[in-house]
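Novice: The structure under discussion is supplied below as structure tokens; questions concerning it will follow.
The values are calculated or read from the model by the stated rules, or taken from the named source; none is laboratory data. Keep in mind it's a predicted model, so treat the numbers as computed, not measured. Backbone-built Cβ (ideal geometry, glycine too); neighbour counts: all protein chains shown.
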Amino acid sequence: MTTSHAEPVHGGLPHEPEKATAEGRNKVLAFWLFLGGEAVLFGTLFATFLALRGQTNEGPTANELFHLPLVAAATFFLLVSSLTSVFAIQAMHRNHPAMLRNWLLVTVVLGLCFLGLEIYEFTQYVRHEQFGMTTSAFSSAFYTLVGFHGAHVAFGILWISLLIGQLGYKGLTVVTAPKIYVSAMYWHFIDVVWVFIFTVVYLLGKVG
Amino acid sequence: MDWITTVDHKKIAILYLWAGGLFFGIGGIEALLIRWQLIKPMNDFVDAQTFNELITMHGTTMIFLGVMPIIFALMNAVIPLQIGARDVAFPFLNALGFWTFLFGGLLLNLSWVMGGAPDAGWTSYTPLSTSAYSGTHGVDFYTIGLQIAGLGTLIGGINFLATVITMRAPGMSYMRMPMFAWTTFITSAIILFAFPAITVGLVLLTFDRILGANFFEPGAGGSPVLWQHIFWIFGHPEVYILILPAFGIISEVIPTFARKRLFGYSSMVFATILIAFLGFMVWAHHMFTTGLGPVANALFAVSTMLIAVPTGIKIFNWLFTLWGGSVRFTTPNLFASGFIPTFTMGGVTGVMLASAPADFQFHDTYFVVAHFHYVIVGGLVMGLFAGLHYWWPKMFGRMLNETLGKWTFWTFIIGFHLTFFVQHFLGLMGMQRRVFTYLPNQHFDTLNLVSTIGAGLMGVGTLIFLTNIIVTSRKPPDAADDPWEDGRTLEWSIPSPPPEYNFKQTPLVRGLDALWKEKMAGNKGMTPAEPVGSIHMPSATPLPFIMSVGIFIAGFGFMFSRDDFGGGFVSFLFNNYIVTGLGLLITFGSMLLRSLVDDHGWHIEPEELEGR
Ligand code: HEM
Ligand SMILES: [Cu+2]
């Protein structure tokens, strides 16, 4: 059995430190599998939303509610954060722990901007539009789908922040690298999900 | 303490076995109570409400907390051994999966003593399961208990997928993998793609019940049929999650005791994959009567019947394996051979049900009950008995008593057919399922009596099996490495029970039925693929246990978050989600701890290996 070594190999890190140990490779593989399950999870939520999106129960409709500029701004933050997480992984592959940390920080900040906008959006709906979880089947489906995604973003922010902390006192090793790599995979995944939400929930809600 | 902190797959297998066995016992008692209520017309042994709780908990317990964990027990005990691995890919997650299953199951069963069990059937159909029709916390126990237990299953599934993909011994290509390893692999893939659907379904139902959402509330635009779609898009694949491992077990047991290689190995592999694939496309055959329309009904009927093709391939391959073999009818092989006709009968009634127009007659009658018990009990449970008798010596180092084993088999299979064969006719005569009693003189009386007697006999069979376990555990552990003498796969090449590290040296696999191949070449055992060296082991840890306790507490907190405990401190704790938060804090805290404290495990050195 391959053993895990916390120390960098031969003083420096291998080119792809996340795949340097059997544990790391297993972790990346299992995370791909996990994302497969997550895809089914969101798929089911999307199907539910599509089935119920017209059922507004005399409450606000999608067209009345959504304010595209706000959503577009949120989308922008999230898409860019995906890009910055790519930069982070590139920095990792070039063995630049400081750069890596900085790009991760930028990613987290952008994620926070997204989350802030989403919270603002939700409170607006609840306060001014009388649009809450219990209003209609549409509202339930909307908050559950978008809220699930938001919870994923929040979890991702927490996770990456903790990894930044860990990077600080453990450094970049073949143990920490897979964790960072996997968190970046996660971050891309919730970004892709958001693209679908933007299209299916917001664009279709405005024009469909 | 040892058991709480263990991450050894062989010990986790035993934990799964005991926990699954416990729930199996509870579910069995529930079944006997149901049958006792139905023993005669107009019986008043239990009232309608209790009856609903009994059938709901029986189905839910048996499927999610009884047979699934026992399947996981066998997978954990056998898979790493069969593929020549020292462990699963993620020992920590393995333990976590077990503990979340256990605490989810405990939560669900606490409903009996905490104000009422779920009462909307194991399928929890809306609107029956909404607060309007199910006013106790019963269904909340169902949604949250299953959610937690389901998490464990999902973790287990991912772990087995990764294990099979990455941990196979040198030379073990996919097409040299034992059938049980194959079915475990495919089953895990089904788990991965089916369980998230029920996860979502349970969340939606929870939100409807606890947060006042409207997913299934027609008055506010929701759709009760949506629940059925979500439930069955998980639920149909689930039945293959149950049966494929049984197929795997049968495919191990029969070649061993027929002393022949499995007939049509590669067609078995492809049949398994095909069944899994088709299994995802037929969910609506449970919904023919909801009014999907003739086109949808026809499509789902045809795709359902297609599954009979790969299933038939399997049946014939087992028969051809037995054909002309020097067959030994040991207890495991009795169960395996009994499996074939019994399961086939279940398949035949399945095809009958798949005919949509006919299903309008059969639906929600005892015919359906007979069908799924033929496949689940006559198929899966018989398969599990075969597997348990077969691998018991490997797991515990002791051979189960053969005489008692044969008694178990005969009482169980006779009881089984008595119980369920007559139910086909009850259904055809119009007896509805899920109704707590029936009127006299509808020709239901005698057949119900027979059915109840049969159930008693199955209970006797189970008791004999328990006796066998107790008798066996008093004997010294003296099983040989290859106690059946005709073992074909890698698990029979190492001691019974295996040492903590399984293989002193990873074996080199040179063909299908790796051990058999070496035996035929006149070798005494496997050729090692590596020199004796230091072996890395993961360390024991209580964190999986603690994390699951946290989830358990959080689930409780959430469930009672809207309750009024007469005001005061307790209400304050629950209504402000403080209990929920505390539970989550425990879980996330443990996760944090796990990621902060580097755990390098420990090593077993060569001197120690030799000095055994
Ligand atoms: C050739 C294979 C099979 C076919 C064609 C088939 C077909 C069907 C159909 C059409 C129904 C719906 C009947 C109704 O509700 O009116 C049904 C119900 C059911 N089947 Fe099968 N089946 C097959 C194999 C299996 C297997 C292998 C299992 C489990 C291991 C299984 C478990 C069940 C269960 C649990 C139900 C009842 C669900 C409920 O309403 O509570 N079936 N089957
Ligand atoms: Cu089905």
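Novice: Could you look through region B:281-297, keep only residues that are within 13 Å of ligand 1 (Cβ to nearest atom) and in a helix (DSSP H, G or I), and pick out the one that is nearest to B:Ile233 (Cα to Cα)?
Specialist: This residue is B:Trp283.
Novice: So, one more: Which numbered condition in (1) in contact with a helix residue (DSSP H, G or I) (Cβ under 7 Å, 6 or more places away or on another chain); (2) in a helix (DSSP H, G or I); (3) over 17 Å from A:Ile197 (Cα atoms) is the only one that A:Leu45 fails?
Specialist: Going through the list (1) in contact with a helix residue (DSSP H, G or I) (Cβ under 7 Å, 6 or more places away or on another chain); (2) in a helix (DSSP H, G or I); (3) over 17 Å from A:Ile197 (Cα atoms), A:Leu45 breaks only (3).
Novice: Residue check, B:Phe572 against (1) modelled with pLDDT under 90; (2) within 13 Å of another protein chain (Cβ to nearest Cβ); (3) in a helix (DSSP H, G or I), all met but one. Which one?
Specialist: Of the numbered conditions (1) modelled with pLDDT under 90; (2) within 13 Å of another protein chain (Cβ to nearest Cβ); (3) in a helix (DSSP H, G or I), the odd one out for B:Phe572 is (2).
Yes/no matrix, rows are residues, columns are (1) under 21 Å from A:Leu33 (Cα atoms); (2) among the β-branched types (Val, Ile, Thr); (3) surrounded by fewer than 24 Cβ atoms within 10 Å (Cβ to Cβ):
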site: B:Phe193; (1), (2), (3): yes, no, yes
site: B:Phe207; (1), (2), (3): no, no, yes
site: B:Phe216; (1), (2), (3): no, no, no
site: B:Pro224; (1), (2), (3): no, no, yes
site: B:Ile254; (1), (2), (3): no, yes, no
site: B:Lys260; (1), (2), (3): no, no, yes
site: B:Gly264; (1), (2), (3): no, no, yes
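Novice: So, in region B:259-288, exactly how many residues are more than 14 Å from ligand 2 (Cβ to nearest atom) and over 29 Å from B:Trp516 (Cα atoms)?
Specialist: Adding up the residues that qualify gives 1.
Novice: In addition: Here is a list of conditions, (1) among the hydrophobic types (A, V, I, L, M, F, W, C); (2) more than 16 Å from ligand 2 (Cβ to nearest atom); (3) under 18 Å from B:Ile70 (Cβ atoms); (4) assigned to a helix (DSSP H, G or I), and B:Trp407 meets all of them except one; can you say which number that is?
Specialist: (3)
Novice: Considering region A:149-179 alone, what residues qualify as being within 25 Å of A:Phe66 (Cβ to Cβ) and surrounded by 18 or more Cβ atoms within 10 Å (Cβ to Cβ)?
Specialist: A:His149, A:Gly150, A:His152, A:Val153, A:Gly156, A:Ile157
Novice: I want to confirm something. Restricting to region B:45-59 and keeping residues that are among the polar types (S, T, N, Q) and under 13 Å from B:Ala120 (Cβ atoms), which single residue is farthest from ligand 2 (Cβ to nearest atom)?
Specialist: Among those residues, the one meeting the criterion is B:Gln49.
Novice: Quick one: which of A:Glu64, A:Glu18, A:Glu38, A:Glu58 is assigned to a helix (DSSP H, G or I) and over 23 Å from the mean Cα position of the chain (by Cα)?
Specialist: A:Glu64
Novice: Check B:Phe420, B:Phe425 and return the single one that is assigned to a helix (DSSP H, G or I), over 19 Å from B:Gly25 (Cβ atoms) and free of Cβ contacts under 8 Å to residues at least 24 places away in the same chain.
Specialist: Sole residue among the options that is assigned to a helix (DSSP H, G or I), over 19 Å from B:Gly25 (Cβ atoms) and free of Cβ contacts under 8 Å to residues at least 24 places away in the same chain: B:Phe425.
Novice: In region B:193-224, how many residues are over 21 Å from the mean Cα position of the chain (by Cα) and within 16 Å of B:Ser129 (Cα to Cα)?
Specialist: 20
Novice: Still on this model: Taking the conditions exactly as written (assigned to a helix (DSSP H, G or I), surrounded by fewer than 19 Cβ atoms within 10 Å (Cβ to Cβ) and among the β-branched types (Val, Ile, Thr)), does A:Val109 satisfy them or not?
Specialist: Working: assigned to a helix (DSSP H, G or I): yes; surrounded by fewer than 19 Cβ atoms within 10 Å (Cβ to Cβ): yes; among the β-branched types (Val, Ile, Thr): yes.
Yes; evaluated as a whole, the condition is true for this residue.
Novice: Can we say B:Val348 is over 22 Å from B:Phe64 (Cα atoms) and β-branched (Val, Ile, Thr)? Quick ask: steps written out before the conclusion?
Specialist: Numbers: over 22 Å from B:Phe64 (Cα atoms): yes; β-branched (Val, Ile, Thr): yes.
Yes, satisfied.
Novice: Go through region A:142-161 and report how many residues are among the hydroxyl-bearing types (Ser, Thr, Tyr) and within 10 Å of another protein chain (Cβ to nearest Cβ). Break it down into steps so the answer makes sense when it comes.
Specialist: First, the residues of region A:142-161 that are among the hydroxyl-bearing types (Ser, Thr, Tyr): A:143-144, A:161.
Imposing the further condition that a residue be within 10 Å of another protein chain (Cβ to nearest Cβ) reduces the set to A:143-144.
Residues flagged as among the hydroxyl-bearing types (Ser, Thr, Tyr) and within 10 Å of another protein chain (Cβ to nearest Cβ) within region A:142-161 amount to 2.
Novice: Taking region B:276-304 only, how many residues are out of contact with any Gly (no Cβ under 8 Å at 6 or more places or on another chain) and within 19 Å of B:Ala197 (Cα to Cα)?
Specialist: Residues in region B:276-304 being out of contact with any Gly (no Cβ under 8 Å at 6 or more places or on another chain) and within 19 Å of B:Ala197 (Cα to Cα): 10 in total.
Novice: Can you name every one of the helices (runs of 4 or more DSSP H) wholly within region B:1-97 that holds 2 or more residues which are of a type in the set (Gly, Ala, Ser), in contact (Cβ under 8 Å) with a residue 40 or more places away in the chain and more than 21 Å from B:Ile551 (Cα to Cα)?
Specialist: Passing ranges, in order: B:9-37, B:48-60, B:68-82.
Novice: Moving on to the next point. When region B:91-133 is examined, which residues are found to be of a type in the set (Val, Ile, Thr) and crowded, with 19+ Cβ neighbours inside 10 Å?
Specialist: Selection gives B:Thr100, B:Thr126, B:Thr130.
Novice: Whether any residue in region B:432-445 is outside any helix (DSSP H, G or I), touching a strand residue (DSSP E or B) at 6+ places or on another chain (Cβ under 7 Å) and either buried (at least 21 other Cβ atoms within 10 Å of the Cβ) or of a type in the set (Gly, Ala, Ser) (or both) is what I want to check.
Specialist: Checking region B:432-445: not a single residue is outside any helix (DSSP H, G or I), touching a strand residue (DSSP E or B) at 6+ places or on another chain (Cβ under 7 Å) and either buried (at least 21 other Cβ atoms within 10 Å of the Cβ) or of a type in the set (Gly, Ala, Ser) (or both).
Novice: Provide a single number: the residues in region B:133-165 that are modelled with pLDDT under 95 and hydroxyl-bearing (Ser, Thr, Tyr).
Specialist: Total satisfying the criteria: 3.
Novice: When the residues of region B:385-414 are narrowed to those that are small (Gly, Ala, Ser) and surrounded by 21 or more Cβ atoms within 10 Å (Cβ to Cβ), which ends up farthest from B:Asp481 (Cα to Cα)? Can you show your working first?
Specialist: The first filter runs over region B:385-414 and keeps only residues small (Gly, Ala, Ser), leaving B:386-387, B:397, B:405.
Of the ones still in play, those that are also surrounded by 21 or more Cβ atoms within 10 Å (Cβ to Cβ) are B:386-387, B:405.
Values: B:Ala386: 19, B:Gly387: 17, B:Gly405: 21 Å.
Here the answer is B:Gly405.
Novice: Taking the stated definitions as given, is B:Phe64 under 22 Å from B:Leu447 (Cα atoms) and not β-branched (Val, Ile, Thr)?
Specialist: So B:Phe64 fails the test.
Residues checked against (1) closer than 29 Å to B:Val203 by Cα; (2) without any contact (Cβ under 8 Å) to a residue 24 or more places away in the chain:
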site	(1), (2)
B:Gly511	no, no
B:Pro542	yes, no
B:Phe545	yes, no
B:Gly555	yes, no
B:Asn576	yes, yes
B:Leu592	yes, yes
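Novice: Taking region B:269-280 only, how many residues are in contact (Cβ under 8 Å) with a residue 60 or more places away in the chain and either away from ligand 1 (no atom under 11 Å from the Cβ) or touching a strand residue (DSSP E or B) at 6+ places or on another chain (Cβ under 7 Å) (or both)?
Specialist: So the count comes out to 5.
Novice: So is A:Val200 surrounded by fewer than 21 Cβ atoms within 10 Å (Cβ to Cβ), modelled with pLDDT of 95 or more, under 17 Å from the mean Cα position of the chain (by Cα) and more than 20 Å from B:Leu592 (Cβ to Cβ) or not?
Specialist: Here the answer is no, as A:Val200 does not meet what is asked.
Novice: Of A:Ile164, A:Ile119, which residue is out of contact with any strand residue (DSSP E or B) (no Cβ under 9 Å at 6 or more places or on another chain) and away from chain B (no Cβ under 13 Å)?
Specialist: A:Ile119
Novice: Could you count how many residues in region B:528-566 are more than 26 Å from B:Leu102 (Cα to Cα) and surrounded by fewer than 21 Cβ atoms within 10 Å (Cβ to Cβ)?
Specialist: Of the residues in that region, 11 qualify.
Novice: Same structure again: Being touching a Ser or Thr at 6+ places or on another chain (Cβ under 7 Å), surrounded by fewer than 18 Cβ atoms within 10 Å (Cβ to Cβ) and either aliphatic (A, V, I, L, M) or within 14 Å of another protein chain (Cβ to nearest Cβ) (or both): is that true of A:Leu41 here?
Specialist: no
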